[in-house]
Amino acid sequence: MLKIHNNIISLFFLFISIIFVFITLSYFFSFSFVTNDDLYFTCNSFKDLFIKPYNAHYISSFFCKLFAVYLPMKFNIHPHFFKSCYFSYTESFFIISFALIITNLFYLHKKINFYYFIYFLFSLTLIFYFVKEQLFLLLFVYEGFFRMLMPVFIFLLLFYFLLKSFNKDYNKLLIYLLVFLCGISNEMICISVFFGLLFYLISNRKEINNKLFINYILIIILSFIIFLKSGGFIRHSDNSIFNINYYINLIQYIPEFGKDYFKYIIINHLFLHLLLVFQIFLLILDKHFNSFNKTETIKLIICFNSGMLIFFFLLIGLGKTHYNHGQFWLVHSDLHVMYNIILSCFNIVLFNLIRELKSLNEKITDVLFLTITVFFVSNIYCIYKNTLEEFIKPILKNAYKTEKIIALANLRNKNAYINDDSYKKIWGYYYKPNEKEHNKLYQFSPYIMYINQFSFIRKINVNYVFTDEESVNKAFKENGGIFTDDELNNINFNNLMNEKFIINKN
């Protein structure tokens, strides 16, 4: 009876935690709008969701087309309004699901108890702690969220079920599917799973039957070929990578690349690497804890981490990135966010094994994680609140004002004048990132191409100019436009589908 009572209390606290998190995240994401890489998505039919993946990434391409174009188009909703209203709930659901996957890594070999909600909150704050490095791209851009975070959590789901399969014969088809999805998700996860599973299968060759071994290898190779054929691995390079001389020239980069590899991959993640090594040695040296679970878990983590280290080493093949001039792709922040989350989860699994030694007092560890969570929450709250107030809300207002200015000029068949300060840290009206000139006439932008897909919005066919704020306000006023305080305090992009509202005749 007491056990049932405790389970009810545990579920109650978990339910309250999830509801609170869902409401908080939904509010945070309600200031989203379509921008950056999302502007390149097109979708004319349901079939388009599945063909010609953008940037070769099948999973992110499907979800981005679905949410950025197909659903808003299907329901006649302005894509900005759809993202801030409907997708804010969807994204919250995704993130809570991701956090629950990580939480379950703490409970691999034990039943859910009263403290489960503490580990859920810790897992959630862990995600946000690392994501803050690329907050806007990863949380406020469809493409960033689905290209970088979704593959990580598909990988963690695969990792979780592989660990669970040590004790239970899980449905092999589910694991096959997850392996395949990892293989077509993004370059880092594809390579990591390709080499990680390959190493693990070879190390267990005697214990794994031939049919299972062959099935895994075939699925890994098939997904790798599909991803490669669609343009994966070569999307940031040109045809020169198929020339042997290209690789000969790369030899000169090895010393410089080696230094950067050590700096950005080893040193930059030193704490998590050392913690990983320390926990592995602690488990290996414990003679009283010699189990199949321990051996296979350590082996699987070493194999997957080796696959990731190989991926980072292979980045030398892309030469130097155009994002950070003169530096290798090793510096790319997105990759480090992904790697930090994965390394943390490897450490969580090892910690869970160590806790099984009973040498760690469970209540003490629970209190420890509660303390860490409180610290994370207080730190993250300040960062995210400031980001929302000082960065996201202002650019949302700028995006709204800019679109209304262009829509009004379009109705009046006049040139549109856009504030020079608009889209300072994001872009959509520039032909390329940060490429704009003062008082120059522009006729095309990724945003115009994107918004003109929607038949319920008047097609934009207007020239526009980046200029000073005074000129912008003057031209807007001459066209009969106004911005009210209520309008700017309660931004609703659906209003911009109404021509009477745009010309102020509602």
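The values are calculated or read from the model by the stated rules, or taken from the named source; none is laboratory data. Bear in mind the structure is a predicted one, so any value in this text is a computation, not a measurement. Cβ: placed from backbone, ideal geometry, glycine included. Neighbour counts: every protein chain shown. Just so you know, the surface numbers come from the protein's heavy atoms only, side chains and all, with ligands and any DNA or RNA stripped out. Shrake-Rupley method; radii C 1.70, N 1.55, O 1.52, S 1.80 Å.
Things to note:
- Per-atom-type breakdown for the chain gives carbon and sulfur 62% of the accessible area (1.4 Å probe, protein chains only).
- Peptide ranges 48-59, 305-316, 151-162, 19-30 listed from the most packed, as the mean C-beta count within 10 angstrom indicates: 151-162, 305-316, 48-59, 19-30
- Amide hydrogen proximity for residue 417: with H placed 1.01 Å from N in the peptide plane, the residues at 5 or more positions away or on another chain lying under 5 Å are 465.
- Listed by chain and number, the lysines whose C-alpha is less than 18 Å from the C-alpha of residue 206, apart from same-chain residues fewer than 8 away, are 299.
- Probe 1.4 Å, accessible area per residue of the chain, Å²: 48
- D (Stokes-Einstein, µm²/s), Kirkwood Cα radius, the chain, 0.692 mPa s at 37 °C: 130
- Net charge in the neighbourhood of residue 199 (other residues with Cβ under 12 Å of its Cβ; Lys, Arg +1, Asp, Glu -1) is +2.
- For residue 440, a cut-off of 13 angstrom between C-alpha atoms picks up these aspartates and glutamates, skipping any fewer than 8 places away in its own chain: 420, 468.
- Relative contact order of region 84-150, defined on C-alpha pairs under 8 angstrom at six or more residues apart (%): 25
- Its alpha carbons considered, region 63-167 gives a radius of gyration followed by a Dmax of 16.0, 50 Å.
- Beta bridges per DSSP, both residues in the chain: antiparallel share near 40 percent.
- Inter-site label distance for residue 213 and residue 367 at 7 Å from Cα along Cβ, in nm: 5.1
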